[in-house]
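The values are calculated or read from the model by the stated rules, or taken from the named source; none is laboratory data. Just so you know, these numbers come straight off a predicted model, no measurement behind them. Every residue, glycine among them, receives a Cβ derived from its backbone with ideal geometry; neighbour counts consider all protein chains shown. The area values use the complete protein model at the heavy-atom level, side chains included, leaving out ligands, DNA and RNA. Shrake-Rupley method; radii C 1.70, N 1.55, O 1.52, S 1.80 Å.
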Amino acid sequence: EDQVTQSPEALRLQEGESSSLNCSYTVSGLRGLFWYRQDPGKGPEFLFTLYSAGEEKEKERLKATLTKKESFLHITAPKPEDSATYLCAVQRRGSTLGRLYFGRGTQLTVWP
Amino acid sequence: EAQVTQNPRYLITVTGKKLTVTCSQNMNHEYMSWYRQDPGLGLRQIYYSMNVEVTDKGDVPEGYKVSRKEKRNFPLILESPSPNQTSLYFCASSPAGAYEQYFGPGTRLTVT
């Protein structure tokens, strides 16, 4: 049973065309939700942690938001260097710290 | 430079030949994890460790062993590798009380 579902699986955007990636989760109690970026052939790189509904975090062209059932990663005016796979992960309340559940990722391609 | 290192980066082996993938971090982190990444399945946690001599199973522990005898090292052992363990493996670490995980560069393992 998937606890973290990301959509779409793949997204192609023209440079400057803003959009959002979705991460929905079904864990009964959320301790934290995390966004990572992964470039081909490399390990994931941490972007954001969100803890409670209504929380927002921003970094350059990226903004992450959280509701009680899902998180969005908004990409404003993307550039080709934003092309990567974006991963979402959750940690359940009551589980051991360090236990994470990842989604399958959204592969983003931004073309000039 | 703060980092997580893995060795080897690439390995081709045969079914049944025991192997060890090493992971080391120089950030004095308490938590360490092993993940495997497969196309269409995303990142799945194999084992994680909360501190020296404290480990627990993740999503897919079958066929793997780990040990944490020193804080900086967390080797992954495949006692009798099989072709279904062909995958890209990542080690990660994080400090206690924080959720940001630092990932290593990955080890691409092929079992024939």
Taking every residue of B:86-95, the Cβ atoms of other protein chains inside 10 Å of its Cβ average out to 2
Charge dipole of the stretch A:3-111 built from unit charges on the beta carbon (Lys, Arg +1; Asp, Glu -1), centred at mean Cα; most positive-end Cα among A:91, A:54, A:72 is A:91
Under the rule rounded for a/c under 1.5, else prolate if a/b exceeds b/c, else oblate, using alpha carbon gyration tensor axes a ≥ b ≥ c, the stretch A:35-90 is classed as oblate
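The stretch A:1-95: which chymotrypsin sites (Phe, Trp or Tyr not before Pro) are DSSP loop and have at most 16 other beta-carbon atoms within 10 angstrom?
The qualifying sites are A:51.
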Percent relative contact order for the stretch B:20-112, counting Cα pairs under 8 Å at least six residues apart, stands at 31 percent
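Please tell me the relative contact order of the stretch A:3-111 in percent, rounded to the nearest whole number, where contacts are Cα pairs under 8 Å and at least six residues apart. It would help to have the intermediate numbers written out before the result.
Numbers: 275 pairs, mean separation 40.8, N = 109.
Normalised by residue count, the contact order of the stretch A:3-111 is 37 percent.
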Sorted list, accessible surface of protein heavy atoms, 1.4 Å probe, largest first, for A:58, B:70 is A:58, B:70
The size of the Cβ-based charge dipole (Lys, Arg +1; Asp, Glu -1) of chain A about the Cα centre, to the nearest 20 debye, is 420 debye
Two pseudo-spin positions, 7 Å from Cα along C-beta at residue B:20 and at residue B:88, lie apart in nanometres by 2.7 nm
The size of the Cβ-based charge dipole (Lys, Arg +1; Asp, Glu -1) of the stretch B:1-70 about the Cα centre, to the nearest 20 debye, is 340 debye
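Can you say what percent of the DSSP beta bridges in the stretch A:3-111, counting only those with both residues inside, are antiparallel? Round to 5.
Counting DSSP beta bridges with both partners in the stretch A:3-111, the antiparallel share is about 90 percent.
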Charge tally for neighbours of residue B:81 with beta carbon under 14 Å away, counting Lys, Arg as +1 and Asp, Glu as -1, is +3
Which of A:99, A:12, A:37 fluctuates most in a GNM of chain A (C-alpha springs under 10 Å)? That residue is A:99
Reported to the nearest 10 Å², residue B:12 has, with a 1.4 Å probe, an accessible area equal to 130 Å²
